[in-house]
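Heads up: the structure comes next, in structure tokens.
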Amino acid sequence: MTDINWNDYSLETKAIRAGHKRTHEDEHSIGIFTTSSYVFKNAEEAALRFTGKKAGNIYSRFTNPTVNAFQERLALMEKGERCLAFASGMAAIMAVGMGLLQTGDHIVCSRGVFGNTVLLFQNYFGKFGVTTDFVDLTDTSAWEAAIKPNTRFLFLETPSNPLTEIADIKLLANIAHNNNCLLIVDNCFCTPVLQRPFELGADIVIHSATKYLDGQGRCIGGAVIASNDIIEKYIYPYLRTGGATMSPFNAWVFLSGLETLAIRMKAHCDSAFELAQWLEQQAGVSRVLYPGLASHPQHELAKRQQSHFGGIVSFEVTGGKDHAWRLIDATQMISITANLGDVKTTITHPASTTHGRLTPEVRELAGIKDGLVRVSVGLENCNDIKNDLLRGL
Ligand SMILES: *Cc1c(COP(=O)(O)O)cnc(C)c1O
């Protein structure tokens, strides 16, 4: 099994079979290696492993067979060279910053990224003299204008949350490289099934495994995927020292999550598309934001860049916050929770939750209207999802 060149296989096959190095027990399904350290044959071997002259496990803060399997599988699916797993998506983003940045550096980041990413860059990296400029995801000239001689990387999510705006990864990768910076893409919403940023020129891909990679809302985890060179030089030394390691149990859950990822993403996308089209027909809905709709401003770019349009649908109801809250409270089946990427459909009111800390003016500027509702479309029967939303429409 270890002799197979997985690059010859398609994503669906890698997702099920790659990464598992079968042990002398001939197990069919991979085991969970609950061991904190590893035994060396003798003192010399211990020394060789510590200096990196001989490959092999030392301590589970650095490497663990179950975590290694997850890393290898995800790297192959993303078509990246190396993957390192972390305790959470935020720990993965933290590692990239700690590995790459030094005092005086500068980041350009899209305004619509995950809230904690904004806080990490602004408040924590900011404490150590790293500055960040936030720009409109879709405004290419704003990205270009924000770059300074000390810019280390551009950071973005596409599609954005909750507005589903799409960035042109290829264009921004060129801009980054012409200015001697890296492009980092948080690929959480699309997963490698729908979008492979490395093929478009990105240098680092981030994942919150907590979302679609798990897919059933069970574990927190994250990953950084990049070239061998970036991982060896900047990320692995930080993981070893910083210690935000993924647990073997979580890696095991994510490994089985990956096995069904392709088929789940297809079902999420099909249902989301059906729901988006249906929402466009509903009185009381003034606007539907979904990259698969012809009405979406970057529909053509989404078609080019992604293999499908994703599982997140946002829409605005007439009647602002009161109507949005009424709609959310009228649902019986759908979960009122901020998580996404679950087989269970979830619903949130961004203006009062994920974006609640922003002032009304900043929120308006960011396009988060009071009547906006975000649905992460799950795998229940789509008619049941429609009927649940209909109660409050
Ligand atoms: C959830 C999320 C994160 C953070 O991941 P955690 O696993 O919750 O730490 C980062 N980026 C995006 C786009 C997310 O949705």
Worksheet item: What spacing in nm lies between the two simple spin-label points modelled at E380 and R326, each 7 Å away from Cα in the Cβ direction?
Response: 2.2 nm
Fill in: From phi via Karplus (6.51, -1.76, 1.60), per-residue ³J(HN,Hα) for the range 58-65 in Hz, x at Gly/Pro
10, 7, 6, 5, 8, 9, 8, x
Discussion item. If the reach is capped at under 17 angstrom between alpha carbons, list the aspartates and glutamates near K303, excluding any in the same chain fewer than eight residues apart.
Written reply: E157, E165, D168, E199, D270, E274
Response to the item:
Under the 7 Å Cα-to-Cβ spin-label approximation, K127 and R357 lie apart by a distance in nanometres of 1.4 nm
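Using the Cα centre of the chain as the reference point, and only Cβ charges (+1 on K/R, -1 on D/E), how large is the resulting charge dipole? Debye, rounded to the nearest 20. Let's see the in-between values first.
Details: 36 positive and 40 negative charges, 146 e Å.
The calculation lands at about 700 debye.
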Item to complete: Rounded to whole Å and sorted largest first, list the principal axis extents of the Cα atoms in the chain.
Response: 73, 51, 34
Item to complete: Return the subset of K79/K127; K148/K170; K127/K233; K53/K79; K53/K148 for which the Cα-Cα distance in this structure is over 30 Å, preserving the input order.
Response: K79/K127; K53/K148
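Distances longer than 24 Å among the Cα atoms of the range 262-390: what percent of all pairs is that?
Working: 2056 of 8256 pairs.
Percentage above 24 Å: 25.
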Worksheet item: Across the range 305-319, in residue order, what do the Karplus-derived ³J(HN,Hα) couplings come to in whole Hz, using 6.51 cos²θ - 1.76 cosθ + 1.60 with θ = phi - 60° and x for Gly and Pro?
Response: 8, 10, 7, 7, 9, x, x, 9, 10, 10, 8, 9, 9, 6, x
Worksheet entry | Residue order, fewest to most surrounding Cβ atoms within 10 angstrom, among V317, V343 | V343, V317
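Neighbour counts of other C-beta atoms within 10 Å: give me S376, S307 arranged from fewest to most. Provide the component values of the computation, followed by the final result.
On the way: S376 29, S307 15.
Least crowded to most crowded, the residues run S307, S376.
Using only the C-alpha atoms of the range 1-147, find the volume of their convex hull and express it per residue in Å³. Walk me through the numbers on the way to the answer.
Working: hull volume 26.8 nm³, N = 147.
Value for the range 1-147: 183 Å³ per residue.
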Worksheet item: Going highest first, how would you order 9-15, 170-176 by mean Cβ packing within 10 Å?
Response: 170-176, 9-15
Item to complete: Set Lys and Arg Cβ to +1 and Asp and Glu Cβ to -1, take the dipole of the range 262-390 about its Cα centre, and tell me which of A262, T348, V373 lies farthest positive.
Response: A262
Worksheet item: Which residue, chosen from F121, F40, F134, occupies the Cα position most advanced towards the positive end of the dipole of the range 26-141, where the dipole is computed from +1 (Lys, Arg) and -1 (Asp, Glu) charges on Cβ about the Cα centre?
Response: F40
Response to the item:
When the charge dipole of the range 6-116 is computed with +1 on Lys and Arg Cβ and -1 on Asp and Glu Cβ about the Cα centre, the Cα farthest towards its positive end, among T51, S88, T13, belongs to T51
Item to complete: Would you mind checking which residues have amide H under 5 Å from F155's amide H? H placed 1.01 Å from N; only 5 or more apart, or other chain.
Response: V108, C109, S110, I184
Worksheet item: Got the relative contact order for the chain handy, in percent, Cα pairs under 8 Å and 6 or more residues apart?
Response: 16 percent
Fill in: From phi via Karplus (6.51, -1.76, 1.60), per-residue ³J(HN,Hα) for the range 371-381 in Hz, x at Gly/Pro
x, 7, 10, 10, 10, 9, 6, x, 9, 5, 4
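All of the numbers you see were taken from the coordinates with simple rules; none came from a lab. Here the structure is a predicted model, which means the values were calculated and not measured. Ideal geometry is used to build each Cβ from the backbone, glycine not excepted, and the neighbour counts take in all protein chains shown.
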